[in-house]
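Since the structure comes first, as structure tokens, the remarks are kept for the end.
The values are calculated or read from the model by the stated rules, or taken from the named source; none is laboratory data. All values derive from a computational prediction rather than experimental measurement. Positions of Cβ are backbone-derived with ideal geometry, glycine not excepted, and every protein chain shown enters the neighbour counts. Note: accessible area is taken over every heavy atom of the protein model, side chains too, but ligands, DNA and RNA are not part of it. Shrake-Rupley method; radii C 1.70, N 1.55, O 1.52, S 1.80 Å.
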Amino acid sequence: MVMNVVNIGRDEALGHLDSFAQTDRSLIVVGSMNADYTVTTERLPQPGETVNGGPLRVLPGGKSGNQAATAAKIGANVHMLGAVGDDDNGRFLLDRLAEAGVRTDDVKHVDGASGTTVITVDSHGENTIVYSPGSNGKVTVEYVRDHADLIADAAVLGLCLESPMPTVIESARIAHKAGVKVLVNDSPFIPELPRDLIDNADILLVNEHEMSQLLGIDEPGDGDWDAVDWDAIVAQMAGFGFDQAVVTLGGDGSVVIDSGRAHRIAPVKVDAVDTTGCGDSFMGTILAGLASGHDLVTSAQVASYVSAYAATGQGAQASYGTTRQVRELFS
């Protein structure tokens, strides 16, 4: 099939970005906040081996925290729901989100450690990551029910899978019942999403490899996703339970499924320094676009610019830009 190729120019896309802050409607992100402990080494250690590393960096992260931060930095009215521990990391994570403009008043404080990741990166960019959920595992069904009115009053809800699945499902159920649009990022990836989650969500965000596993389709041997039968993929995605979806293609842009068609979003090219958190920046921008009344295709096009900006800096939240910074880079 010939996909609908979206040709929103730079000036038009950045003009839309200006409008993302021009709404009183809020967006809610329910999920994870992590302190990312990162160290670089010449090579990754073998089992039982010790290698020398560079300076340890502690940066704010967590998929949900990242999505909330990028949306707030481009002007969206963002509420974060989740949990932090009673440690220094908890205070650090909340301070960084507040600096980005995220409202954290309703974040739960629990005993014990906050969520953390330990990341080792070698000189070739390969890495190992260990995730310790900590307080993220204590975001309960009862907690989101206590904040049902806040969720129901939002324009859109963003979810990923770094929180307990019953909590994710209940959040989606509350929003769906209230007519709030629900965007789910199947990450960390699971190949079989619960039916209750699918039935209470509106939009699915996955990468091309995850989509292939979910739908049971073969990836193109040459990596050319533009040449596959997107009519068939649109139909399979609808059969799976989603009439709207976003499939990211790494450095090749993305495809938006909407209104029974596949819409090709071209990538925005930059000299990338670090792609950590770019996917979360992409999703956070889509959430902000939907909250401000834009359609999914336009939101994804703008998200290409915002996430490309993030690739020019180090870390996740630390690399996210404001509307002014994004505009300056691409102008």
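In table form, for the structure just shown:
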{"read-out": "One residue from GLY31, GLY61 being in contact with a Cys (Cβ under 7 Å, 6 or more places away or on another chain) and either at pLDDT below 95 or on the phi > 0 side of the Ramachandran plot (or both)", "value": "GLY31"}
{"read-out": "Exclusive hit being in contact with a Gly (Cβ under 7 Å, 6 or more places away or on another chain), among the charged types (D, E, K, R), under 17 Å from SER32 (Cα atoms) and open to solvent by 10 Å² or more (accessible area, probe 1.4 Å), set GLU170, GLU162", "value": "GLU162"}
{"read-out": "VAL118 in contact with a Phe, Trp or Tyr (Cβ under 6 Å, 6 or more places away or on another chain), open to solvent by 70 Å² or more (accessible area, probe 1.4 Å) and either free of Cβ contacts under 8 Å to residues at least 40 places away in the same chain or of a type outside the set (D, E, K, R) (or both)", "value": "yes"}
{"read-out": "Qualifying residue in segment 134-154 (condition: in a helix (DSSP H, G or I), surrounded by fewer than 23 Cβ atoms within 10 Å (Cβ to Cβ) and either aromatic (Phe, Trp, Tyr) or on the phi > 0 side of the Ramachandran plot (or both))", "value": "yes"}
{"read-out": "Test for GLU192: is it of a type in the set (Asp, Glu), under 26 Å from SER299 (Cβ atoms) and open to solvent by 20 Å² or more (accessible area, probe 1.4 Å)", "value": "no"}
{"read-out": "Per-region count, segment 249-263, residues open to solvent by 30 Å² or more (accessible area, probe 1.4 Å) and in contact (Cβ under 8 Å) with a residue 40 or more places away in the chain", "value": "2"}
{"read-out": "Qualifying positions in segment 128-154 - in contact with a strand residue (DSSP E or B) (Cβ under 8 Å, 6 or more places away or on another chain) and either aromatic (Phe, Trp, Tyr) or without any contact (Cβ under 8 Å) to a residue 12 or more places away in the chain (or both)", "value": "TYR131, TYR143"}
{"read-out": "Hey, LEU197 farther than 28 Å from ASP153 by Cα, among the hydrophobic types (A, V, I, L, M, F, W, C), surrounded by 21 or more Cβ atoms within 10 Å (Cβ to Cβ) and within 20 Å of the chain's Cα centre (by Cα) or not", "value": "no"}
{"read-out": "Residue pairs meeting the criteria (Cβ under 8 Å; at least 6 apart or on separate chains; first touching a residue at least 60 places away in the same chain (Cβ under 8 Å), in segment 200-220; second open to solvent by 20 Å² or more (accessible area, probe 1.4 Å) and part of a helix (DSSP H, G or I))", "value": "ASN207/GLY250; ASN207/GLY279"}
{"read-out": "Single residue of segment 312-331 satisfying the filter (open to solvent by 10 Å² or more (accessible area, probe 1.4 Å), over 27 Å from LYS181 (Cβ atoms) and not in a helix (DSSP H, G or I)) that is modelled with the lowest pLDDT", "value": "GLN314"}
{"read-out": "Only one of ASP87, ASP36 that is farther than 20 Å from THR167 by Cβ, of a type in the set (Asp, Glu) and touching a strand residue (DSSP E or B) at 6+ places or on another chain (Cβ under 7 Å)", "value": "ASP36"}
{"read-out": "Failed criterion for ALA245 (all others in (1) of a type outside the set (Lys, Arg); (2) more than 15 Å from the chain's Cα centre (by Cα); (3) open to solvent by less than 20 Å² (accessible area, probe 1.4 Å) hold)", "value": "(2)"}
{"read-out": "Residue ID - nearest to GLY279 (Cα to Cα), chosen from residues in segment 155-174 that are touching a residue at least 40 places away in the same chain (Cβ under 8 Å) and assigned to a helix (DSSP H, G or I)", "value": "VAL168"}
{"read-out": "Any hit, segment 38-55, residues being of a type in the set (Asp, Glu), farther than 22 Å from GLN301 by Cα and in contact with a Gly (Cβ under 6 Å, 6 or more places away or on another chain)", "value": "no"}
